[in-house]
Amino acid sequence: MKVDSHHHFWNYDPVEYSWMNEDMGVLKRDFGPSDLREEIEAAGIDGVVSVQASQTLAETDALLEHAKTEEFILGVVGWFPFAEANVAEIIEPYANNALLKGARHVVQDEPDDRFILGEAFNRGISCLKEFGLVYDILIYERQLAPSIEFVDKHPDLVFVLDHVAKPRIGDNAMEPWAALMKQMAERPNVSCKLSGMATEGNWENWTEEQLVSYMEVALDAFGPNRMMFGSDWPVALLAIDYQRWVGIVQEFISTLSADEQAAIEGGTACRVYGL
């Protein structure tokens with residue numbers, strides 16, 4: 001099975017999706033299941049994991065409703081208010097829904113680069129294991145070092161590192177990202193999404209060779225059995241279309257064994273998220 005492990009849906013609202021700035025006009029419309037279905041059918045992808053883009057329970061509800069009605073949506077990574085004292089009570093009724101596979105917080109937008117180590121936040125994260133949920137880590141490179149400390153606080157929790165930790169591709173900066181990726185990969189409970197990379201380059205002038213240099217580091221660190229393909233559609237449309245990204249990844253992994261390619265294209269996502 002080929003799986004897109006990371007995409008979003010939204011009904012565009014300028015307040016709820018205020019992170020969309022004046023340069024992101026292409027994103028300022030509704031994106032729903034019918035839009036994505038066209039893309040995955042053209043790319044030969046069998047199923048997807050829908051990931052939160054707005055930090056509201058309403059969006060978690062909406063994603064789960066889409067997954068209930070659309071067979072190609074295999075699972076949902078939602079959002080919960082982890083720093084709230086009663087977050088376990090909030091998550092509990094959702095945990096009974098087999099389509100909920102994980103959760104995440106938009107740590108990348110927090111002004112404190114060490115936000116992820118906050119006491120209240122970690123108390124909330126610690127309850128995910130009892131509900132059998134995965135936690136997706138959404139960060140920029142500058143937050144990678146504290147995120148390693150964060151993972152070490154939860155050795156029994158399953159983590160997925162989104163968008164290869166958003167290196168500074170536009171600056172052609174490989175360090176300290178490469179060294180920190182190797183450190184993160186030493187934690188066996190962490191997998192990595194091969195996703196969201198073109199948007200970290202110059203949206204108009206990135207090159208395939210540029211992306212591949214970072215892909216090589218990530219693959220070397222995590223290996224194919226802990227790496228999963230993701231499109232980051234429709235956010236990726238800022239820099240690349242769906243079919244081109246699929247083609248770049250397929251070309252990149254083409255020298256791997258059939259089993260290794262299958263892991264990246266879907267096997268890792270199926271195993272980690274329990275699809």
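Across region 222-244, the qualifying residues are those that are in contact with a strand residue (DSSP E or B) (Cβ under 8 Å, 6 or more places away or on another chain) and in a helix (DSSP H, G or I), and the one among them that is nearest to ARG104 (Cα to Cα) is ARG226. Among the residues making up region 189-203, those that are in a loop (DSSP other than H, G, I, E, B) and more than 15 Å from ILE137 (Cβ to Cβ) are MET197, GLY201, ASN202, TRP203.
Among the residues of region 144-172, those that are among the hydrophobic types (A, V, I, L, M, F, W, C) and not in a strand (DSSP E or B) comprise LEU144, ALA145, ILE148, PHE150, VAL151, LEU157, VAL158, VAL164, ALA165, ILE169. Any residue at all in region 204-216 that's in contact (Cβ under 8 Å) with a residue 40 or more places away in the chain, of a type in the set (Phe, Trp, Tyr) and closer than 24 Å to ASP4 by Cα? Yes, region 204-216 has at least one match. The set of residues from region 218-236 being more than 13 Å from the chain's Cα centre (by Cα) and within 29 Å of MET24 (Cα to Cα) comprises just one member, ALA218. Quick check on region 108-120. Is at least one of its residues within 15 Å of the chain's Cα centre (by Cα) and surrounded by 16 or more Cβ atoms within 10 Å (Cβ to Cβ)? Yes, that holds for at least one residue. Only residues that are part of a helix (DSSP H, G or I) and surrounded by fewer than 20 Cβ atoms within 10 Å (Cβ to Cβ) were counted across region 40-58, and they come to 5.
Within region 1-19, no residue satisfies the criterion of being β-branched (Val, Ile, Thr), farther than 13 Å from GLU39 by Cα and surrounded by 23 or more Cβ atoms within 10 Å (Cβ to Cβ).
If you go through region 126-140 and keep only what is out of contact with any Leu (no Cβ under 8 Å at 6 or more places or on another chain) and in a helix (DSSP H, G or I), you end up with GLU130, PHE131. Residues of region 144-173 being touching a residue at least 40 places away in the same chain (Cβ under 8 Å), closer than 17 Å to TYR273 by Cα and charged (D, E, K, R), which ones? Hit for region 144-173 is ASP162, nothing else.
A quick yes/no check of all residues on (1) touching a residue at least 12 places away in the same chain (Cβ under 8 Å); (2) among the β-branched types (Val, Ile, Thr); (3) farther than 30 Å from LYS68 by Cα; (4) assigned to a loop (DSSP other than H, G, I, E, B):
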{"site": "TYR94", "(1), (2), (3), (4)": "yes, no, no, no"}
{"site": "LYS101", "(1), (2), (3), (4)": "yes, no, no, no"}
{"site": "ASP113", "(1), (2), (3), (4)": "yes, no, yes, yes"}
{"site": "ILE116", "(1), (2), (3), (4)": "yes, yes, yes, no"}
{"site": "GLY124", "(1), (2), (3), (4)": "yes, no, no, no"}
{"site": "ARG142", "(1), (2), (3), (4)": "yes, no, yes, no"}
{"site": "GLU175", "(1), (2), (3), (4)": "no, no, yes, yes"}
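Any residue that is crowded, with 22+ Cβ neighbours inside 10 Å and of a type in the set (Val, Ile, Thr) - is there at least one of those in region 142-155? Looking for residues that are crowded, with 22+ Cβ neighbours inside 10 Å and of a type in the set (Val, Ile, Thr), one finds none in region 142-155, hence no.
Yes or no, residue by residue, for (1) among the hydroxyl-bearing types (Ser, Thr, Tyr); (2) at pLDDT 95 or above; (3) more than 21 Å from LEU138 (Cβ to Cβ):
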| residue | (1), (2), (3) |
| --- | --- |
| SER5 | yes, yes, no |
| PHE9 | no, yes, no |
| TYR12 | yes, no, no |
| LEU36 | no, yes, no |
| ILE45 | no, yes, yes |
| THR60 | yes, yes, no |
| TRP79 | no, yes, no |
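When region 184-217 is limited to residues that are among the β-branched types (Val, Ile, Thr) and closer than 30 Å to MET24 by Cα, the one that is surrounded by the fewest Cβ atoms within 10 Å (Cβ to Cβ) turns out to be THR207. Of everything in region 59-90 that is assigned to a loop (DSSP other than H, G, I, E, B) and among the small types (Gly, Ala, Ser), the residue that is surrounded by the fewest Cβ atoms within 10 Å (Cβ to Cβ) is ALA85. Looking across region 175-216, the residues that are within 18 Å of the chain's Cα centre (by Cα) and of a type in the set (Val, Ile, Thr) come down to VAL190, THR199.
The values are calculated or read from the model by the stated rules, or taken from the named source; none is laboratory data. Keep in mind the model is a prediction, meaning the values are calculated, not measured. Every residue, glycine among them, receives a Cβ derived from its backbone with ideal geometry; neighbour counts consider all protein chains shown.
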